[in-house]
Amino acid sequence: MFNKAKNIKDTYLRQEMWPSIFCTGCGIGNVLNYALRAVDTIGFDIDDMVFCSGIGCSSRLPGYIEADGLHTTHGRAIAFATGVKMADPDLNVIVFTGDGDCAGIGGNHFIHAARRNVDLTVICVNNYTYGMTGGQVSPTTPPGSLTTTTPYGNLEEPFDLCRLAIGAGAPYVARWTPGFPYETTEAIEKGIRKKGFSFIEILAPCPTGFGKENRLREAKDAWDWYRENSITRARLLELTPEERAKNEKVVVGTLYEADRPELTARYGEFVKGLEA
Ligand SMILES: Cc1ncc(C[n+]2csc(CCOP(=O)(O)OP(=O)(O)O)c2C)c(N)n1
């Protein structure tokens, strides 16, 4: 359990970056808080960590952390992170990404890193939209939603990012919303500790981009919406098969855990074999 009293801001953040760029009611700041509390609980030396990101509001997060970071190009966070981890497997590498960054332009890097099982912790802030560029439709926008590029409602089916990660081979996959602070923090902690590709999707409100078009502009409405429209996996399993089949809520919780050989460890063994 994390230390609630600890002043995360003074301990881990670049003071000169304050205040943040995030809009009122945005969930990205919560994600940063939970991620740093997970790091703090594990107790890694921050100098042994690298925070990577692409482009987007969520991708601004490494810039706030007093640690090494790579704020790269749109969609390429996981590719850069893979390079960092392969070059120095002793580093603990965390990726902050958005739904557009991760599953739109970066979709191929995402599935291949999961397939390769590179030891990365990918924290994807899914706000159902391209937040930074003004609220366009993204690969996770729910059908029917209004966005600046779907003014009559989104006609496409969205990706389920967690199912995509599981299908591609990720050995640790979890989904939460910021309304579950302890569970989200614990999921990030587990993801960091996992030797392999960990994917933690955090559904987070974007009141300015997605929210303004979909009656979720007020922070309270958005937070209520996430609470009312999500169900924990544990609760879902308590329902009858008939009730479960009718469930339309987003399932949150640990969605998959397995053990698979990790790439940098395999590569290290391979190199040792050559030297022997
Ligand atoms: C190659 C490239 N294409 C497009 C853009 C424009 N762009 C910048 S941020 C962004 C969307 C970010 O959305 P997402 O990854 O979901 O993050 P969010 O801002 O919602 O956190 C886009 C399309 C870019 N910077 N580079």
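Straight-line reach from Lys4: taking Cα to Cα under 21 Å and skipping same-chain neighbours fewer than 8 places apart, the lysines in range are Lys190. What is the percent of Cα-Cα separations in the range 149-212 that go past 19 Å? So the pairs more than 19 Å apart make up 46 percent of the total in the range 149-212. Projecting the Cα positions of Asn214, Tyr182, Asn154 onto the charge dipole of the range 138-232 (unit charges on Cβ atoms of Lys, Arg, Asp and Glu, taken about the Cα centre) puts Tyr182 furthest along the positive direction. Which residue, Pro143, Ala81, Ala258, has the largest displacement toward the positive end of the dipole of the chain when charges sit on each Cβ (Lys, Arg +1; Asp, Glu -1)? Result: Pro143, furthest along the dipole toward the positive end.
In the context of the full set of protein chains, the chain has a per residue accessible area of 48 Å² (1.4 Å probe). Hydrophobic, long helices, defined as DSSP H runs whose alpha-carbon span along the helix axis is 20 Å or greater and whose mean Kyte-Doolittle value is at least 0.5, occur in the chain at 28-42.
Can you pull out the chymotrypsin sites (Phe, Trp or Tyr not before Pro) in the range 92-150 whose DSSP state is coil and whose Cβ has at most 14 other Cβ atoms within 10 Å? Spell out each step's value before the answer.
Details: sites: Phe96, Phe110, Tyr128, Tyr130; in loops: Tyr128.
Passing both the DSSP loop test and the Cβ count: no residue.
Amide H contacts of Ile65: Arg14, each under 5 Å away and 5 or more positions distant or on a separate chain (H built 1.01 Å from N in the peptide plane; Pro and chain starts excluded).
Percent of C-alpha pairs per 5 Å bin in the range 138-267, short distances first: 2, 10, 16, 19, 19, 16, 11, 5, 3, 1, 0.
Computed with a 1.4 Å probe on the full set of protein chains, the accessible area for Glu257 sits at about 110 Å².
Using the Cβ-Cβ distance between Ile21 and Asn247 with R0 = 25 Å, the FRET efficiency computed as 1/(1 + (r/R0)^6) comes to roughly 0.10. Protein heavy-atom surface of the range 91-242, 1.4 angstrom probe: 54% of the accessible area is carbon and sulfur, with nucleic acids and ligands not counted. The per residue volume of the convex hull around the alpha-carbon atoms of the range 133-174 is 81 Å³. When His109, His71 are compared by accessible area of protein heavy atoms, the largest-first order is His71, His109, using a 1.4 Å probe. The distance linking the range 33-74 with the range 122-182 is 21 Å (Cα centroid to Cα centroid, whole angstrom).
Let me check something: with ligands and nucleic acids excluded, how do Trp18, Trp225, Trp176 order by accessible area (1.4 Å probe), largest to smallest? Write out the running numbers ahead of the final one.
On the way: Trp18 110, Trp225 75, Trp176 25 Å².
Heavy-atom accessible area, descending, gives Trp18, Trp225, Trp176.
Where a ≥ b ≥ c are the square roots of the eigenvalues of the C-alpha gyration tensor, would you call the range 1-107 rounded, which needs a/c under 1.5, or, failing that, prolate if a/b is larger than b/c, or oblate? The shape class here is oblate. Given a Förster distance of 41 Å, report the FRET efficiency between Leu239 and Asn3 from their Cβ-Cβ distance, rounded to the nearest 0.05. The computed FRET efficiency comes out at 0.70.
The values are calculated or read from the model by the stated rules, or taken from the named source; none is laboratory data. Bear in mind that the values here come from a model prediction, so they are computed numbers and not experimental data. Methodologically, a virtual Cβ is constructed for each residue, glycine included, from the backbone with ideal geometry; neighbour enumeration extends over all protein chains shown. Note: accessible area is taken over every heavy atom of the protein model, side chains too, but ligands, DNA and RNA are not part of it. Shrake-Rupley method; radii C 1.70, N 1.55, O 1.52, S 1.80 Å.
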